[in-house]
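Read through the structure below, which is laid out as structure tokens, and then see the notes.
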Amino acid sequence: MKKFLDLGFQPLANSYLDIKNLNKREKKFNLSVGYNSKNNLVSILNTVPKEQMFNEDYPYKSSESKTMKKQFKNLAAYIKKKFDPKTVLEIGSNDGAFIKNFSKKNVIGVEPCKNLANITIRKGYKIYPNYWDTKLAKKISKINKVDIIYSANTLSHIKNYSEIFNAINITLNENGILILEDPSLLECIKKTAYDQFYCEHIYVFSTIALHQILKKFNLEIFYIQNLDTHGGSNRYFIKKKSNSKFKISKNVDKNLKKEIKFGLNKFSTYKKFSKKVESSRIKLKKIFDNLLKNNKKIIGYGATAKSCTVLNYCKIDKKYFKFFYDTTSYKIGKYLPGTKILIKKYKRLKSSEVDYVYLGAWNFKKEIFKKEYNFIKNGGKFITHVPSPKII
Ligand code: DWN
């Protein structure tokens, strides 16, 4: 593993602070990112134990954005129509944004963050409040094997991917389908979206890396959908090698070729990216310094895990911000890790109250701009760092 990026000492991205522990020392780790030329994997070099990140206090809920709810609804309809599965299993079911589109008798969730698991358990869904592993896979497959396994934004969070795929092979029917969805490394590099790296995102996958890893587990990608979500994601449709029911689409090869053409299989590409990250930091800091000098009122929109990386790396803290707005009940009244910026309950933006709004949730720009149409019409401005720092 060769290091190409150092994002400094960072706190745990989703460890929002209570007022009572605002002055306590936070746990920090060195956020460095590397490339492994053997399997083309890009990963963070120092990891945090999973129990410190995914526990009964996990604050992120997938249902907070209309975009994600709609996306999950559409995918569920597609799965029902195309594959007509008897049983669907979701790894990392969060607050149920995906599984709620299925009948309770047809769907199983796995969610180790107990506060989130309880939301869906209370609604009557079958949820295992555990980490996904072979022990749990054996327990589930004793009851029934499943036709579809879906997992969005979860594979990238689990260090031991061998355990994941072994467990999947135990539970998935011979003719079953695995659908994996995660941020695309190609889009991350193209957009200089270095904030895709934080403690929880151990890997940001390229198709080339995943394609290679899956071979070891007798699994293969047969179709890929390129999505807009989370700044550009890939949805991989995967089958067991022995399953001849589904043909491998030409678009798998197209995606592989696109990534190779861009250079995702070369260390020099990542070195170039790291230089762009450094200039992005300088530009963003300059924008904030100028606004502060001119006494502009700045707030943040969407207290994301991604914002933690950006603000701590760029050293933009509570001196610059009045507060952040967020709709998530678990985050309101708390403070962003490291930078200690207060998070307030979301209120519609008014240009008479705020001058500039930093887009922490830049991945939902379309949804947010639609909602804040009046603010923009009345001269309100946003700041973003993706694909390069600017005022919009
Ligand atoms: O992989 C992960 C992704 C899927 O979710 C996790 N590791 C953690 C989390 O990352 P994030 O916090 O960077 O994700 P989002 O989805 O970009 O977070 C959006 C945040 O913005 C949420 O806190 C909700 C908030 N929000 C809001 O306040 N108003 C979002 C929208 C769309 C809004 O209109």
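The values are calculated or read from the model by the stated rules, or taken from the named source; none is laboratory data. Keep in mind it's a predicted model, so treat the numbers as computed, not measured. A quick note on method: Cβ atoms are made from the backbone with ideal geometry, for glycine too, and the neighbour counts reach across all protein chains shown. SASA here: full protein model, heavy atoms, side chains in, ligands and nucleic acids out. Shrake-Rupley method; radii C 1.70, N 1.55, O 1.52, S 1.80 Å.
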Item checked: From phi via Karplus (6.51, -1.76, 1.60), per-residue ³J(HN,Hα) for region 228-233 in Hz, x at Gly/Pro -> 7, 4, 6, x, x, 10
Checklist line | Within a Gaussian network of the chain (alpha carbon springs, distance under 10 Å), most fluctuating of 141, 103, 65 | finding: 103
Item checked: Most mobile listed residue (161, 16, 78) in the chain, GNM with C-alpha springs under 10 Å -> 78
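Using helices alone, I'd like the mean residue ellipticity at 222 nm for the chain: each DSSP H run of four-plus residues gives -39500 (n - 2.57), total over residue count, nearest 500. Walk me through the numbers before you get to the answer.
Working: 12 runs with 129 residues, N = 392.
After summing the helix terms and dividing by the residues of the chain, the value is -10000 deg cm²/dmol.
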Next item on the list: Please calculate the 1.4 Å probe accessible area of residue 22, with all protein chains present, and give it to the nearest 10 Å².
Entry: 30 Å²
Next item on the list: May I ask you to evaluate 6.51 cos²θ - 1.76 cosθ + 1.60, the Karplus curve with θ = phi - 60°, for each residue of region 204-210 and list the ³J(HN,Hα) values in order in whole Hz, giving x for glycine and proline?
Entry: 10, 8, 9, 5, 4, 5, 5
Next item on the list: Using +1 at the Cβ of each Lys and Arg and -1 at the Cβ of each Asp and Glu in the chain, identify which of 209, 321, 176 lies farthest towards the dipole's positive end.
Entry: 321
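Where the only charges are on Cβ atoms (+1 Lys, Arg; -1 Asp, Glu), what is the dipole of region 72-163 about its Cα centre, to the nearest 20 debye? Present the calculation step by step, with values, prior to reporting the outcome.
Details: 18 positive and 7 negative charges, 79 e Å.
Taking the Cα centre of region 72-163 as origin, the dipole is about 380 debye.
In region 154-299, what percent of the accessible surface is made up of carbon and sulfur (1.4 Å probe, ligands and nucleic acids excluded)? Kindly include the intermediate steps, with their values, before the conclusion.
Values: 3220 of 6300 Å².
The computed percentage sits at 51.
Around residue 346, under 11 Å between beta carbons, what's the net of Lys plus Arg minus Asp minus Glu among the other residues? All intermediate terms of the calculation are to be shown ahead of the outcome.
On the way: positive: 331, 344, 345, 347, 348, 371; negative: 64, 326, 372.
Charge balance near residue 346 sits at +3.
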Checklist line | Positive-pole candidate from 234, 88, 19, dipole of the chain, charges at beta carbon | finding: 234
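Hey, which of these cross-link pairs are over 28 Å Cα-Cα: 272/344; 104/145; 293/390?
On the way: 272/344 38 Å; 104/145 16 Å; 293/390 17 Å.
Over 28 Å apart, Cα to Cα: 272/344.
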Next item on the list: Report, ordered by chain and residue number, the aspartates and glutamates lying within cross-link reach of residue 50, taken as a straight Cα distance under 12 Å and ignoring same-chain residues fewer than 8 apart.
Entry: 200
Next item on the list: Report, in debye and to the nearest 20, how large the dipole of the chain comes out about its Cα centre when Lys and Arg carry +1 and Asp and Glu carry -1 on their Cβ.
Entry: 720 debye
Margin query: Quick check for you: with a 1.4 Å probe and neighbouring chains kept, what is the accessible area per residue of region 36-267, in Å²?
Written below: 44 Å²
Margin query: Quick query: amide H of residue 87 versus all other amide H atoms, modeled in the peptide plane; which residues come in under 5 Å with a sequence gap of 5 or more or a different chain?
Written below: 147, 148
Checklist line | Leading residue at positive end of dipole, the chain (Cβ point charges), from 188, 299, 336 | finding: 299
Next item on the list: Rounded to whole Hz and in sequence order, give me ³J(HN,Hα) for region 19-26 from the Karplus expression 6.51 cos²θ - 1.76 cosθ + 1.60, θ = phi - 60°, writing x for Gly and Pro.
Entry: 4, 6, 10, 5, 9, 6, 5, 8
Notebook entry, point to check: Taking residue 80 as the anchor, which aspartates and glutamates have their alpha carbon closer than 15 Å to its alpha carbon, excluding any fewer than eight residues away along the same chain?
Noted result: 90, 147
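Shape call for the chain from the C-alpha gyration tensor, a ≥ b ≥ c root eigenvalues: rounded (a/c under 1.5), prolate (a/b greater than b/c) or oblate? Walk me through the numbers on the way to the answer.
Numbers: a/c = 1.77, a/b = 1.45, b/c = 1.22.
Taking the square roots of the gyration eigenvalues as a ≥ b ≥ c, the chain is prolate.
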Next item on the list: At 1.4 Å probe size, with no ligands or nucleic acids counted, give the accessible surface of residue 64 in Å², nearest ten.
Entry: 70 Å²
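For region 209-335, just say rounded, prolate or oblate: build the C-alpha gyration tensor, square-root its eigenvalues into a ≥ b ≥ c, call rounded for a/c under 1.5, and beyond that prolate if a/b exceeds b/c, oblate if not. Don't skip to the answer; put the middle values down first.
Details: a/c = 3.57, a/b = 2.03, b/c = 1.75.
Here region 209-335 falls in the prolate category.
Considering only DSSP beta bridges where both residues belong to the chain, give the percentage that are antiparallel (nearest 5). Write down the numbers at each step before the final one.
Values: 31 of 59 bridges.
If we restrict to bridges inside the chain, about 55 percent are antiparallel.
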Checklist line | Probe 1.4 Å - accessible area at residue 126, Å² to nearest ten | finding: 110 Å²
Margin query: Test of understanding: in a Gaussian network model of the chain with alpha carbons linked when under 10 Å, which of 63, 244, 307 would top the mean-square fluctuation ranking?
Written below: 244
Margin query: Taking amide H atoms as placed 1.01 Å from N in the peptide plane, list the residues 5 or more away in sequence, or in a different chain, whose amide H sits under 5 Å from that of residue 233.
Written below: 184, 227, 228
Checklist line | Projected label distance in nm at residue 212 and residue 253, using a 7 Å step from Cα toward the beta-carbon | finding: 2.1 nm
Check: For residue 109, which sequence-distant residues (separation of 5 or more, or a different chain) have an amide H within less than 5 Å of its own amide H, given hydrogens modelled in the peptide plane?
Finding: 90, 126, 127, 128
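How big is the antiparallel share of DSSP beta bridges in region 36-267, given as a percent to the nearest 5?
50 percent
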